[in-house]
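Asks: Encoded as structure tokens, here's the structure I'll be asking about.
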Amino acid sequence: MKLNSLGNSDLKVSEICLGTMTYGQQNTIEDAHQQLDMAIDRGVNFIDTAEMYPVPGRAETQGRTSEYIGTWLTKQQRDKLVVATKVAGPTSRMPWIRGKDRKLDRPNIEKAIDDSLKRLQTDYIDLYQIHWPDRYVPLFGAPAFDPKSDRETVPILEQLQVFKDLVDAGKIRYLGLSNETPWGVCQFCHLADSLGLPRVVSIQNAYSLLNREFETALAETSYRENVPLLAYSPLAFGFLTGKHLEGAKENSRVALFPGFGSRYSKPNVEPAIREYVALAKKFGLSPTQLALAFVRSRSFVASTIIGATTLEQLQENLDSVNVALTPEMLAEIEAVHLKYPNPAP
């Protein structure tokens, strides 16, 4: 398992990161601990969670994922692991998180970090990420930016000042972004550099064969600001495995929670998947191996976040590190992409 540097930090993270958002919903605490053990045994040192997990978000399960990880974490060598979590931004859909507003001001951020530390049973978070911006931006497959949807926001400077205090207090080591835009990354970096505040070291956005918008929207920003990508949904909710081509697979996230992966119901998604599945077969790979190896091959990706509900799925995901795509394979992937560009942005 290769280790990569995360921005200008001293963090070295495994090229595969274990995502955990199913723990407490689709996975039991026993499942979670077995997955964590397997991943660590295979060289993974990077674990990602969030205060709102598991998903879909529900009042009765919120925070359970971190609690499952915490009971496991107390039995590990903490300094050998990179633990990442996220603070939820404003939303009207989850009123059970931190009261009525959930904006990223000092009271909300401080409560979020303290609650996460307690659930995870640790004294510090290695990478603390803003799950989505405090300001309005189109998210999770939403339509294009609409100025009419703009709203009041906590200034980025004010957010950074709170995060500096948390770094100084030893509660977090480094700051990251998630579901962020080029403008947002540049603002965070400029203010940090100008005023001696914590600089973001990563950005966690969706990236897969079905959604390569990062390449044009954020790749230059990522390179010039040294803010590498932590790619989430590299298998596009499992669609890139091909398992949903004849209908939602029984007991899958898509079957259990209809509408949860709505961005993958767009017109060109299915034909694109069929071509990628055929391409994998042509080269003697599983569709999972092709999809994960592609994401891992990108120069701007520091770690690929995988999630699984079974140990068999996790094993296949971990085995993908042994696959290196050839120039011929990459050229054929590009041909499919030109035919079906970003069908699920």
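The values are calculated or read from the model by the stated rules, or taken from the named source; none is laboratory data. Here the structure is a predicted model, which is why all the values come from computation and not from measurement. Methodologically, a virtual Cβ is constructed for each residue, glycine included, from the backbone with ideal geometry; neighbour enumeration extends over all protein chains shown. Each accessible area value is taken on the protein alone, full model and side chains, heavy atoms only, with ligands, DNA and RNA left out. Shrake-Rupley method; radii C 1.70, N 1.55, O 1.52, S 1.80 Å.
Residue by residue, here is whether (1) within 17 Å of the chain's Cα centre (by Cα); (2) farther than 18 Å from PRO341 by Cβ holds:
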{"site": "LEU229", "(1), (2)": "yes, yes"}
{"site": "SER265", "(1), (2)": "no, no"}
{"site": "PHE283", "(1), (2)": "no, yes"}
{"site": "ARG298", "(1), (2)": "yes, no"}
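Asks: Moving on. Take ARG253 and tell me if it is closer than 29 Å to GLU180 by Cβ and either of a type outside the set (A, V, I, L, M, F, W, C) or surrounded by fewer than 23 Cβ atoms within 10 Å (Cβ to Cβ) (or both). Step through it out loud before you land on a result.
Replies: On the way: closer than 29 Å to GLU180 by Cβ: yes; either of a type outside the set (A, V, I, L, M, F, W, C) or surrounded by fewer than 23 Cβ atoms within 10 Å (Cβ to Cβ) (or both): yes.
The answer is yes for ARG253.
Asks: TYR276 is checked against (1) under 19 Å from the mean Cα position of the chain (by Cα); (2) farther than 23 Å from THR20 by Cβ; (3) among the aromatic types (Phe, Trp, Tyr) and fails just one. What number does that condition carry?
Replies: That leaves (1) as the condition not met.
Asks: Among the residues of segment 110-135 satisfying the criterion of being open to solvent by 10 Å² or more (accessible area, probe 1.4 Å) and either in contact with a His (Cβ under 6 Å, 6 or more places away or on another chain) or not in a helix (DSSP H, G or I) (or both), which is farthest from VAL167 (Cα to Cα)?
Replies: As a first pass, look at segment 110-135 and keep what is open to solvent by 10 Å² or more (accessible area, probe 1.4 Å): 110-111, 114-115, 117-119, 121-124, 131-132, 135.
Next cut, either in contact with a His (Cβ under 6 Å, 6 or more places away or on another chain) or not in a helix (DSSP H, G or I) (or both) only: 121-124, 131-132, 135.
Values: GLN121: 18, THR122: 15, ASP123: 12, TYR124: 9, HIS131: 18, TRP132: 20, ARG135: 23 Å.
Step by step, filter segment 110-135, then rank; the result is ARG135.
Asks: Still on this structure: Taking segment 23-69, which residues are among the small types (Gly, Ala, Ser) and over 24 Å from ASP79 (Cα atoms)? Before the answer, list the steps.
Replies: Residues of segment 23-69 among the small types (Gly, Ala, Ser): 24, 32, 39, 43, 50, 57, 59, 63, 66.
Correct list: GLY24, GLY57, ALA59.
Asks: Further question: All but one of (1) surrounded by 14 or more Cβ atoms within 10 Å (Cβ to Cβ); (2) part of a loop (DSSP other than H, G, I, E, B); (3) touching a residue at least 60 places away in the same chain (Cβ under 8 Å) hold for ALA248; which doesn't?
Replies: (3)
Asks: Got a sec? Which strands (runs of 3 or more DSSP E) wholly within segment 1-62 have at least 1 residues that are surrounded by 18 or more Cβ atoms within 10 Å (Cβ to Cβ) and in contact with a Cys (Cβ under 7 Å, 6 or more places away or on another chain)?
Replies: On the way: elements: 3-5, 12-14, 16-19, 46-48.
Where strands (runs of 3 or more DSSP E) fall fully within segment 1-62 and carry at least 1 residues being surrounded by 18 or more Cβ atoms within 10 Å (Cβ to Cβ) and in contact with a Cys (Cβ under 7 Å, 6 or more places away or on another chain), they are 46-48.
Asks: Let me ask something else. Could you go through segment 160-178 and let me know if any residue there is exposed (fewer than 14 other Cβ atoms within 10 Å of the Cβ) and under 18 Å from the mean Cα position of the chain (by Cα).
Replies: No, segment 160-178 contains no residue that is exposed (fewer than 14 other Cβ atoms within 10 Å of the Cβ) and under 18 Å from the mean Cα position of the chain (by Cα).
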